[in-house]
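Throughout, read-outs are computed from the coordinates displayed, never taken from laboratory work. A quick note: this is a predicted structure, and the numbers were derived from the prediction, not measured. Backbone-built Cβ (ideal geometry, glycine too); neighbour counts: all protein chains shown.
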Amino acid sequence: MYDKGLRKIKKLSVEVVSVGNLTVGGTGKTPFVAWLAQKYLDEGKFPAIISRGYHADETGWNDEAKELKLLLPDVPQAFSKDRFTAAQQLLAKHAGENGTRKIDVIILDDGFQHRKLFCNKSILMIDATNPFGYHRMLPRGLLREPIIGMKRANEIVLSRADMVDAAEKNRLRDIVRCFTPDATCAEMVNTPTHLLFLSGKTQNIDALAGKKVLAFCGLGNPDAFFRTLTECGAELMKTLVFPDHYRYTSDDYTKICDVARQMGSLSIVCSLKDFVKIKHWPVAEINFSAIVMATQVFPCLSMS
C-alpha cells in the first residue's frame, strides 16, 4: 500500500536515515547506529535517535537504548510507536533555543520496516554469517519480510564481515546486486578493545588471554559473542545463555556467582548490552565485566 501510494508517508523537516534489517536477531545494528551517530558528531552535525522501544523496562528504556546512552551520553533519544510524533517532539525540544543544540539528522533505529516516515537514506544491515534467516519467513525462519524488500535499501552493510571469507562476501554481493543494483555496499567489523568493570575501571582486552572465564549473555546471536571471547584468548569454562532482552534479577546474580565459585573462576564476562542491565549489581570479590568493541565501517564500494 505504501509502494502504490495508498498509504500516506509523512516527512520531517530534517534528514532522516533509517537503519534496519530483514531478519530478527542480532545483526550488529546497535554498534552501527552508535558508529553512525558518532560519525555525524565528528562532522559537526547533531544527531538524534528514534526507535520503537521494544522490550522497554519500567523506565521506558530498552537494552539497545541503554547501550547507546552509555556510548553516546549527549545524543538525544526517543521511543514511540508513532515515530513521526516522537521526532517532532525531539526537534521542538532541541531547536537551537534556550541553550539547546539544533538537531540536524534523525537516525531511525530498526526502521527498515517502518514505512510511515519518509527516509532520505535507508541502510540495511545483513549479518554475513547468517544473511537471510534460513531463507524462510517467521516463524519457520528469521526473515521479517521477503528478501525482495531489499530493493528499498540505498546502502547495504555486511556486519561480521571478518567472519566469512572473500568468496562468501562476493556471493552475498551478487545476491544483493540482483535486488538492489544501485545500492552501495560497506563492511562492518567489531574489534574488542577493553573490558569495562562494574566499578567503572577498565582493562586492556589483552588481559583476557589465558584467563579462565564464565561468560553469559542474553543476545540474538550468543555464539558470535562467545566466539569473540575465544578469539581474545579467554578459556571459556562455562557459558550461560539467557533469552534476548532478558531482565536480570537478584536471583540471577546469586546463580551466576555460585556457578563461578564452583568453577574456581572469579572472572565473569558479558556483552555490553547485558552490562547496562546489571550496573546496579554489587561490586564484590567476583569481577563482572563487559567487552567493549570498536566499530569499523569500511568505505562504501560500488555494487556495479
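What the table below lists for this structure:
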item: Among the listed pairs 81/238; 8/81; 45/277; 39/66; 121/277; 10/39, those beyond 28 Å (Cα-Cα); result: 81/238; 45/277; 121/277
item: Degrees separating the helix 83-93 axis from the principal Cα axis of the chain, which is the longest one; result: 80
item: The range 209-268-the range 10-40 distance, computed between alpha-carbon centres (Å); result: 28
item: C-alpha center-to-center spacing [the range 138-183, the range 62-105] in angstrom; result: 30
item: Extended-chain gain in nm, criterion 0.36 nm per residue less alpha-carbon gap, residue 57 and residue 204; result: 49.7 nm
item: DSSP-defined beta bridges in the range 15-182 - what % are antiparallel, rounded to 5; result: 5
item: In Å, descending, principal axis extents of the Cα set of the range 15-182; result: 54, 34, 28
item: Local electrostatic count, residue 236, Cβ distance below 12 Å [Lys/Arg +1, Asp/Glu -1]; result: +1
item: Ranked by how many other beta carbons lie within 10 Å on average, peptides 158-171, 219-232, 115-128 from highest; result: 115-128, 219-232, 158-171
item: Base-10 log of normalised Debye intensity for the chain (one unit scatterer per alpha-carbon) at q = 0.07, 0.13, 0.16 Å⁻¹; result: -0.29, -0.99, -1.39
item: Expected 222 nm ellipticity per residue - DSSP helices of 4 or more, -39500 (n - 2.57), all of the chain, to 500; result: -7500 deg cm²/dmol
item: Rounded to 5, the percent of DSSP beta bridges in the range 178-292 classed as antiparallel; result: 35
item: Proximal aspartates and glutamates to residue 4, defined as alpha-carbon separation beneath 20 angstrom and excluding residues fewer than eight positions away on the same chain; result: 145
item: Of all DSSP beta bridges in the chain, antiparallel share, percent nearest 5; result: 25
item: Overall form of the range 192-293 per C-alpha gyration tensor (a/c, 1.5; a/b vs b/c); result: rounded
